[in-house]
Amino acid sequence: MTFKNLQLNSAMLRAVKRVGYSEPTPIQRRTIPHILNGQDIVGCAQTGSGKTAAFALPIVQMLEPERGKRRIRVLVLAPTRELAAQIDEEFGKFSHESSLRHVAIFGGVGQQPQVDSLRRGVDIVVATPGRLQDLIDQGYVRLDQVEYFVLDEADRMLDMGFINDVKRIIKRLPKARQTMLFSATMPQAIQDLSKSILTDPVKVEANPHSTTVENVAQSIYFVEGGDKRALLKHILQDPASVRVLVFTRTKHRANRLAQQLNRARIPAEAIHGNKSQTARTKALARFKSGQTAVLVATDIAARGLDIESVSHVINFDLPNIPESYVHRIGRTARAGASGIAYSFCDVNERKFLRDIESLIRQPIAVVGEHPYMSTIKPPQAPTAERKAPNGNRSRRGRRSRARDRSRVSHHRAS
Ligand code: AMP
């Protein structure tokens, strides 16, 4: 199927061509015609599925340029600054030929440029809830003319404690509008919210198994916690590790790991919620340009990060929320590209691994031989491939084994 089959007009088809999308992703195929039909949407999809274009393309197509004073006709709410900035960018790409104006509104940066844009008049606002609420309270934003409302990553809004802000903002929207809600998971609170804000919605699912998980070559390294750093350095020696996104559980661990890698002369930076927006944007730019080989991130900071050609995602720590695993590895398989994801699993993380495998409904391949094999037995007996050969961990043994190509075996975590 091509974009032409989706009832997109010639301006949108040119925009799609200009940005280099050759065919629509599953979520785009299933969503665009319904949005163009005027229907509300509840979409089960995550970042990486192409969901931004799934709503941005039809919205831009439906927005007729207007004469006179501009009014906010589209509101998109996103949980993080990065995601808001990226969605705004995407709107920019698709509205290239039109006179539509758009702005991203988020905290962590001065509000004046945002206020100036609002004063000049915009058609499309992409915002995080906190800063938007501030600007509403200060009288800079009116939402009573909104025709299209998108709530993106609704489950993350909930996780991050924004749901009440979101509800307060929704109360300001006109009842007669078209609403699209996207969420990677559908916890009860989001199902309830959907019922209250959507009218007779079309349900669209872009199954993570087909969009992300199947496109990523995933493997697990069983390793003791204290050896994770050495294992990471070992993996980073591979010349194929050109742009590596590493996930840790906490901000503190992200900072420490980045410092340790730098000491080992591996250019690395940490990105997390405690860093200023400017610091995060700069770190991201250095990573994108290849100046920094390794970006160490926490889940929240990495939410929605759109980084082209990440060569590897490495889960230095396994996430305790299994959905986060899917979000993380999605960073290396953007819109159909294939990627590589390695996960380090110490004995305390075995339970997280079981949860992840049950969510993605497939076992993750275990690297059967590597220089830092864990010798600790998990609660249930491991298979032979999961143990270090002879338990030999001498330096010489490590080095010689490091030269071996890693063997991968398929076993469900016990
Ligand atoms: P999203 O899920 O919206 O964050 O999109 C993930 C990435 O896929 C972004 O880098 C988009 O620019 C890209 N993308 C979206 N749709 C397509 C498509 N049909 N073909 C190729 N890339 C796409």
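The values are calculated or read from the model by the stated rules, or taken from the named source; none is laboratory data. Model, not experiment: these values are computed from the prediction. Positions of Cβ are generated from backbone atoms using ideal geometry, with glycine treated the same way; all protein chains shown enter the neighbour counts. The protein model used for the area step is the full one, side chains on, heavy atoms only, and it has no ligands, DNA or RNA in it. Shrake-Rupley method; radii C 1.70, N 1.55, O 1.52, S 1.80 Å.
Structure notes:
- When Rg and Dmax are taken over the Cα atoms of the chain, they come to 22.7, 78 Å.
- With eigenvalues of the C-alpha gyration tensor scaled by 5 and rooted, the range 103-164, Å: 20, 14, 10
- Label point distance in nm, Glu89-Gln259, each placed 7 Å from Cα along Cα→Cβ: 3.0
- Distance between modelled label sites at Arg101 and Leu13, nm, 7 Å Cα→Cβ extension: 3.2
- On the basis of the beta-carbon distance and an R0 of 22 Å, Gln112 and Asn164 show a calculated FRET efficiency of 0.20.
- Two-decimal log10 I(q)/I(0) for the range 43-148, as the Debye equation yields it once each C-alpha is a single scatterer, q = 0.17, 0.18, 0.19, 0.21 Å⁻¹: -0.76, -0.86, -0.96, -1.16
- When DSSP beta bridges are restricted to pairs lying wholly in the chain, around 10% turn out antiparallel.
- P(r), alpha carbons of the range 115-271 - 5 Å bins starting at zero, rounded %: 1, 6, 13, 13, 12, 11, 11, 12, 9, 7, 4, 1
- Once the Cα-Cα distance is subtracted from the 0.36 nm per residue extended length, the Arg142 to Lys288 segment shows a gain of 49.0 nm.
- Take each peptide in 98-104, 13-19, 121-127, count the other Cβ atoms within 10 Å of every residue, and average; sorted highest first, the result is 121-127, 98-104, 13-19.
- Shape summary: the range 195-266 maps onto an equivalent ellipsoid whose semi-axes, from the alpha-carbon gyration tensor, are 37, 17, 12 Å in decreasing order.
- Sequentially through the range 34-43, phi angles give Karplus couplings (6.51, -1.76, 1.60; θ = phi - 60°) of 5, 5, 5, 7, x, 8, 6, 10, 10, x Hz, Gly and Pro residues having no value and appearing as x.
- Computed FRET value (nearest 0.05) for Thr278 with Asp200, which takes r as the C-beta separation and R₀ as 45 Å: 0.55
- Accessible solvent surface per residue of the chain, calculated while the other protein chains remain in place, 1.4 angstrom probe, Å²: 44
- Split the accessible area of the chain by element, probe 1.4 Å, and carbon with sulfur accounts for 47%.
- Report note on the peptides 75-83, 315-323: ranked by the mean count of other C-beta atoms within 10 Å, highest first, their order is 75-83, 315-323.
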